[in-house]
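The values are calculated or read from the model by the stated rules, or taken from the named source; none is laboratory data. Everything quoted here is computed from the prediction, not taken from an experiment. Using ideal geometry, Cβ is built from the backbone for each residue, glycine included, and neighbour counts are taken over all protein chains shown.
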Amino acid sequence: MGLVTKMAAFVKRVFPEKFLANLDRRLESTKIALTAEEYVGITMLATIVLCVAVGFIGVLLRLPIPPLLLVPFVAVVAFPALTLFVPRYLAQRRAAELERMLPDVLRQMASTLRAGVGIDATLDDIVKSKYGALSDEFDRVVTEIKKGRTLESALLALARRSNSPLYERAFRLIVEGIERGAALASVLDAVAGDIKEVHAIQRERKSTTTQQVMFLYAVALFAVPFIVGLTVGVGGISIGAGPVTGGGGLPPEMSTIAMAYIIIQAFICGLAVGVIRYGQMSKGLGYSIPFMVAGVIVFFLAQTIIRGMAPATV
């Protein structure tokens, strides 16, 4: 842990406090038992190890892309992916699981309250009802209330930990209902109904955009990188000297230019998926990184196929 502690101290000095605070909140949503400084330090170490391994493999296998270009590309892709997108993906995955169970939980709470049971016993009943991660969250709410925290504050804290706008909206409505003296059971039923409607709209949007999203998948992951890779591979065959990537009939820089084009179009396709599927370009960043990596792999795979199929001399 000595190295991790030193890296964490370095991260705390270098990275902005706001960035680390936001990452801390996201890590709490993913249940990763690390501080933001420790997590970023570990990702830096992992990125360095990955770059060394990729550079060694590139030299050993004589990959067509030079190690001096390959290693920086891996570093630029790997560090943001591990630091930003992995926690975000895990947080969104957990938030989706929590959102799926929330309507059933709220309706159970409403039924229990209508039966004349108090709010404390109702929360205990949810904890014992095997709702997975959501039962764990309500267990934390119960613990905080026993320590003196108000019900409203504990519920709002649960919403913030969930990393879900839908959760924050739902529990804000519940807290407002409690503060205004409304019947809590009726409020819970109304919020559960709203969440069900939101889920129905999300499913409808997902089904109506499947064709467009699949087209972008095909373009970014296979069609463009494979065709461009074949073109560059064929153009690189030297007459009388065998296939040479980027050489022969094409300038040596052609392979690098083509790879840059593939990376750019994959990044844009990822953003487009976010806009089409979720209505937010920022959510497409989670698709852009895998698209870029997969596109580069397919690009070099296509060139390898051409080199394997071409005769030793032409």
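Identify, from the list L155, L84, L102, L123, the residue that is closer than 30 Å to F267 by Cα and assigned to a helix (DSSP H, G or I).
L84
Just for the range 18-44: of the residues that are assigned to a helix (DSSP H, G or I) and small (G, A, S), which one is nearest to A8 (Cα to Cα)?
Checking each candidate, the answer is G41.
Give the range 130-152 a look and list any residue that's among the aromatic types (F, W, Y) and either more than 27 Å from the chain's Cα centre (by Cα) or in a loop (DSSP other than H, G, I, E, B) (or both), or say none.
Start the filter on the range 130-152 by keeping residues that are among the aromatic types (F, W, Y), which leaves 131, 138.
If the condition is that a residue be among the aromatic types (F, W, Y) and either more than 27 Å from the chain's Cα centre (by Cα) or in a loop (DSSP other than H, G, I, E, B) (or both), then Y131 is the only one that fits.
Return yes when A200 is part of a helix (DSSP H, G or I) and surrounded by 15 or more Cβ atoms within 10 Å (Cβ to Cβ) and no when it is not.
Spelling it out, it is not the case that A200 is part of a helix (DSSP H, G or I) and surrounded by 15 or more Cβ atoms within 10 Å (Cβ to Cβ).
For the subset of the range 28-58 comprising residues that are aliphatic (A, V, I, L, M) and closer than 20 Å to K18 by Cα, which member is surrounded by the fewest Cβ atoms within 10 Å (Cβ to Cβ)?
A33
Which is without any contact (Cβ under 8 Å) to a residue 60 or more places away in the chain and among the hydrophobic types (A, V, I, L, M, F, W, C), of A192, A182, A220?
On the way: A192 fails: without any contact (Cβ under 8 Å) to a residue 60 or more places away in the chain; A220 fails: without any contact (Cβ under 8 Å) to a residue 60 or more places away in the chain.
It is A182.
Within the range 256-274, can one find any residue that is surrounded by 16 or more Cβ atoms within 10 Å (Cβ to Cβ), within 21 Å of A81 (Cα to Cα), modelled with pLDDT under 85 and of a type in the set (V, I, T)?
No: zero hits.
Could you check V228 against (1) surrounded by 13 or more Cβ atoms within 10 Å (Cβ to Cβ); (2) of a type outside the set (G, A, S); (3) free of Cβ contacts under 8 Å to residues at least 40 places away in the same chain; (4) within 30 Å of A302 (Cβ to Cβ) and say which number it fails?
If we test V228 against (1) surrounded by 13 or more Cβ atoms within 10 Å (Cβ to Cβ); (2) of a type outside the set (G, A, S); (3) free of Cβ contacts under 8 Å to residues at least 40 places away in the same chain; (4) within 30 Å of A302 (Cβ to Cβ), just (3) comes out false.
Could you grab me the full set of residues in the range 142-177 that are within 17 Å of N22 (Cα to Cα) and not acidic (D, E)?
A157, L158, A159, R160, R161, S162, N163, S164, P165
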